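The values are calculated or read from the model by the stated rules, or taken from the named source; none is laboratory data. Quick caveat, the model's predicted, so the values are computed rather than measured. Here the Cβ is made from the backbone with ideal geometry for all residues, glycine too, and neighbour counts use every protein chain on show. To get the accessible areas, we keep the full protein, side chains included, count just its heavy atoms, and leave off ligands, DNA and RNA. Shrake-Rupley method; radii C 1.70, N 1.55, O 1.52, S 1.80 Å.
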Amino acid sequence: GGSIGVNYGRIADNLPSAVKVVQLLKSQGLSRVKVFDADPSVLRSLAGSGIKVTVDLPNEMLSSAAKKPSFAAAWVQRNVAAYHPATEIEAIAVGNEVFVDTHNTTKFLIQAMRNIHQALVKSNLHSAIKVSSPIALSALQNSYPSSAGSFRQELVEPVFRPMLEFLRETGSYLMVNAYPFFAYEANSDVISLDYALFRENPGNVDAGNGLRYFSLFDAQIDAVFAAMSALKFDDIEMVVSETGWPSKGDGTEIGASVANAAAYNGNLVRRILTGGGTPLRPKADLTVYLFALFNEDDKNGPTSERNYGLFYPNEEKVYDIPFTSEGLKKYKDKSGVSRSTTRNTWCVASGEAGEEKLQAALDFACGEGGADCRQIQPGAACFKPNTVEAHASFAFNSYYQRNERAGGSCYFGGAAYVVAQPPSAYSRLIHPLSRYLFVCCGKC
């Protein structure tokens, strides 16, 4: 599967000390953290923790880093080399959402990235530490359907092509900040909440490539992959440097609630840790950084801006979700009221997912997922037909029923979906494994 990290923002006057924060991260099994600067107290506290760190060169320093290689070298020496490897710095984010910065720093971005990288080379850290820059989805000209994804035309030649070439040269990855909440909030009349929260839904077929999407998150990520592909950079990997959902908002902020935040982040963790990429890149396991560790009371803007935290400043959880594969075994999306809460629903494999994705999901269900897969072992009653799709349907449904049909428990990275008819009736209508489902799915 992929990896879960968290953004540690500090625009607040009531947060615990950095030492306590590191203890909190470790207690939750969070092994990656991203910060928005390079604060010495934070970096010192992370030393020896085993937590991988992404630091940030703020936007206001881009001009100096671009114009003066000596400034970049001094910044790397002071904020990176001085702490690494005791503090496991794995990446430097050069700026943050630079294209929407009102201070017009875009023109400095590429040279600043190159100068920071050269400073790492001089310190012999370039193999261990990657350089990238988080982009917002507003950098896309088109994002729907996903197959039509493209970067803003005025940014392609001056910024994106040289940036992607730099990432290719240095073996780095593109950082993307993706917030399905914003898309849902603005289009709640046409976007299903289940689709936005990774719950069971019939999915949406992309008319451009024929792929079926079961989550808004996957659709957004694939729009960026498609934009990269349009420029012939299919080999560049991606890290989701920010994503989250607010637990509170103003009256006009549709969807901002504790229940929806818990569902989005909890089901996202399940989606990432159970493996499988996106429909467009099924092999691309993702590293995702949740936003954010704490509610931050000094942030400006609407109420939601101060309520993205997974924890209150007193270190209590805003809502209870796991961050590890072990924690997922007991996790259920309790907040969802959907088809999955009714007793008469079943989980079946999607033939559209492809054998490789089905096999990966089957391995998880029968392994870490704890599904009862004894009946699909060689010689057992449900071993035949001996196909990945048949065995996956059995295992998926076992997992789904054992998790009391909780929201998100019939997803498997888009390799499964819920049916509301009994498997026998459903299969007679549209499924080729009719006898198998009738006889065997009832046993799980």
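With the structure loaded, tell me whether Glu185 is out of contact with any Cys (no Cβ under 9 Å at 6 or more places or on another chain) and free of Cβ contacts under 8 Å to residues at least 24 places away in the same chain or whether it fails that test. Show your work before the answer.
On the way: out of contact with any Cys (no Cβ under 9 Å at 6 or more places or on another chain): yes; free of Cβ contacts under 8 Å to residues at least 24 places away in the same chain: no.
Criteria not met by Glu185.
Got at least one residue in the range 168-180 being among the small types (Gly, Ala, Ser), touching a strand residue (DSSP E or B) at 6+ places or on another chain (Cβ under 7 Å) and within 21 Å of Pro279 (Cβ to Cβ)?
Within the range 168-180 (the criterion being among the small types (Gly, Ala, Ser), touching a strand residue (DSSP E or B) at 6+ places or on another chain (Cβ under 7 Å) and within 21 Å of Pro279 (Cβ to Cβ)), the answer is yes, since at least one residue qualifies.
Given Lys299, Lys317, Lys283, Lys248, which one is charged (D, E, K, R), closer than 30 Å to Cys366 by Cα and either surrounded by fewer than 22 Cβ atoms within 10 Å (Cβ to Cβ) or at pLDDT 95 or above (or both)?
Numbers: Lys299 fails: closer than 30 Å to Cys366 by Cα; Lys317 fails: closer than 30 Å to Cys366 by Cα; Lys248 fails: closer than 30 Å to Cys366 by Cα.
So the residue among Lys299, Lys317, Lys283, Lys248 that is charged (D, E, K, R), closer than 30 Å to Cys366 by Cα and either surrounded by fewer than 22 Cβ atoms within 10 Å (Cβ to Cβ) or at pLDDT 95 or above (or both) is Lys283.
Would you please list the contacts, defined by Cβ atoms under 7 Å and residues six or more apart or on different chains, that run from a residue in the range 361-390 that is under 20 Å from Pro282 (Cα atoms) to a residue that is acidic (Asp, Glu)?
Short answer, once both residue conditions are applied: Val388/Glu355.
Going through the range 18-69 one residue at a time, which ones are in contact (Cβ under 8 Å) with a residue 60 or more places away in the chain and among the hydroxyl-bearing types (Ser, Thr, Tyr)?
Thr54
Criterion first (out of contact with any Phe, Trp or Tyr (no Cβ under 9 Å at 6 or more places or on another chain), of a type outside the set (Asp, Glu) and open to solvent by 10 Å² or more (accessible area, probe 1.4 Å)) does Ala136 satisfy it? Can you show your working first?
Values: out of contact with any Phe, Trp or Tyr (no Cβ under 9 Å at 6 or more places or on another chain): no; of a type outside the set (Asp, Glu): yes; open to solvent by 10 Å² or more (accessible area, probe 1.4 Å): yes.
No: the conditions fail for Ala136.
Quick one: how many residues across the range 207-232 are open to solvent by 10 Å² or more (accessible area, probe 1.4 Å) and assigned to a loop (DSSP other than H, G, I, E, B)?
If we filter the range 207-232 for residues that are open to solvent by 10 Å² or more (accessible area, probe 1.4 Å), which is where we start, we get 207-212, 214, 216, 219-220, 226, 229-232.
From what's left, assigned to a loop (DSSP other than H, G, I, E, B): 207-211, 214, 231-232.
Of the residues in that region, 8 qualify.
Restricting to the range 251-273, and then to whatever is assigned to a loop (DSSP other than H, G, I, E, B) and of a type in the set (A, V, I, L, M), can you tell me which residue is most open to solvent (accessible area, probe 1.4 Å)? I'd like the intermediate steps shown before the answer.
In the first step, residues of the range 251-273 are kept if they are assigned to a loop (DSSP other than H, G, I, E, B); the result is 251-257.
Narrowing the set further to residues that are of a type in the set (A, V, I, L, M) leaves 254, 256.
On the way: Ile254: 75, Ala256: 22 Å².
Taking the candidates together, the pick is Ile254.
Taking the residues in the range 358-405 that are farther than 16 Å from Ala416 by Cβ and in a helix (DSSP H, G or I) as candidates, determine which candidate is most open to solvent (accessible area, probe 1.4 Å).
Among them, the one singled out is Arg374.
Residues being under 22 Å from Glu242 (Cβ atoms) and polar (S, T, N, Q): count how many of those fall in the range 15-44.
2
Tell me whether the range 118-126 contains one or more residues that are closer than 25 Å to Tyr179 by Cβ and hydrophobic (A, V, I, L, M, F, W, C). Write out each step before concluding.
Quick first cut of the range 118-126, residues closer than 25 Å to Tyr179 by Cβ only: none.
Within the range 118-126, not a single residue is closer than 25 Å to Tyr179 by Cβ and hydrophobic (A, V, I, L, M, F, W, C).
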